[in-house]
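The values are calculated or read from the model by the stated rules, or taken from the named source; none is laboratory data. Owing to the predicted nature of the structure, the values given are computational and were not obtained by experimental measurement. When we count neighbours, we look across all protein chains shown, and the Cβ atoms used for this are built from the backbone with ideal geometry, even at glycine. In case anyone asks, the SASA skips ligands and DNA or RNA and just uses the protein heavy atoms, side chains included. Shrake-Rupley method; radii C 1.70, N 1.55, O 1.52, S 1.80 Å.
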Amino acid sequence: LHHAVGGGMYADHAELSLRIFSAAHRTGIALTHLPVLYQQGGFDRPPLAEQRRFVHADVDVFIDLLARLSAVIRPHPRMRLGVAPHSLRAVGPEALARVLADARAIDADMPVHMHVSEQIAEVEDCLAHRGARPVAECRRAFPQPWFSAGRAHLAPLLPVAHSGGIASLHRYDPL
């Protein structure tokens, strides 16, 4: 988390990432680090108070974080930087397009991870707000193969596989 409990930034917003890099370097662990972009509490909804700690309200600050972290790990061949826009519901379309474009400008092969179809409610919300299921919305907006998906609400998975994209399925067991 790049923010204090109340949502304010730490003096150095890269502090946690730098500590993770240091630990990986000292122990020799290979690392793909995925800073998460989270901006809203749902489709077109502001974040809840308890979400403030992980919200990046300013896309420029998040992109600066990616650029700084990329420069830090560049000399370390066992470390890699990726980006993780949390989900379609947590990142608006304009911010998502900008972050993905700027991430690719930093590193054309930068891994991208995103929860695309994690919950049935998310699929329903996406249909209501964007007029498409999450996987179809991602493929429409960002045709290049890049995304990961959580949960098995993925009726249109075959086109993702044919595009060269990677989908990772995660079992979800509610308590």
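Miscellaneous remarks
- Gain on full stretching of the segment that runs from THR27 to ARG140 - 0.36 nm per residue minus C-alpha separation: 36.5 nm
- Qualifying trypsin sites (Lys or Arg not before Pro) for segment 71-117 [loop in DSSP, other Cβ within 10 Å: at most 14]: ARG78
- About its Cα centre, segment 26-86 has a charge dipole of approximately 400 debye under the convention of +1 per Lys or Arg Cβ and -1 per Asp or Glu Cβ, with nothing else charged.
- For segment 1-139, the solvent-accessible area with a 1.4 angstrom probe is 49 square angstrom per residue.
- DSSP bridge pairs, segment 1-121: antiparallel proportion in percent, nearest 5: 20 percent
- Here the Karplus relation 6.51 cos²θ - 1.76 cosθ + 1.60, evaluated at θ = phi - 60°, turns the backbone of segment 114-129 into coupling constants of 8, 7, 9, 9, 7, 9, 4, 4, 5, 4, 5, 5, 5, 4, 5, 8 Hz, with x for every Gly and Pro.
- Solvent-accessible area assigned to carbon and sulfur over segment 20-121 amounts to 57 percent, based on a 1.4 Å probe.
- Under 5 Å, built H, 5+ apart or other chain: amide partners of MET79: LEU31
- Label-point gap, in nm, between ALA121 and ASP60 - each point 7 angstrom along Cα→Cβ: 3.5 nm
- Dipole-positive endmost among VAL123, SER17, LEU31 within segment 13-150 (Cβ charges, Cα centre): LEU31
- Taking the convex hull of Cα positions in segment 1-73, its mean projected area over all directions (nm²): 5.4 nm²
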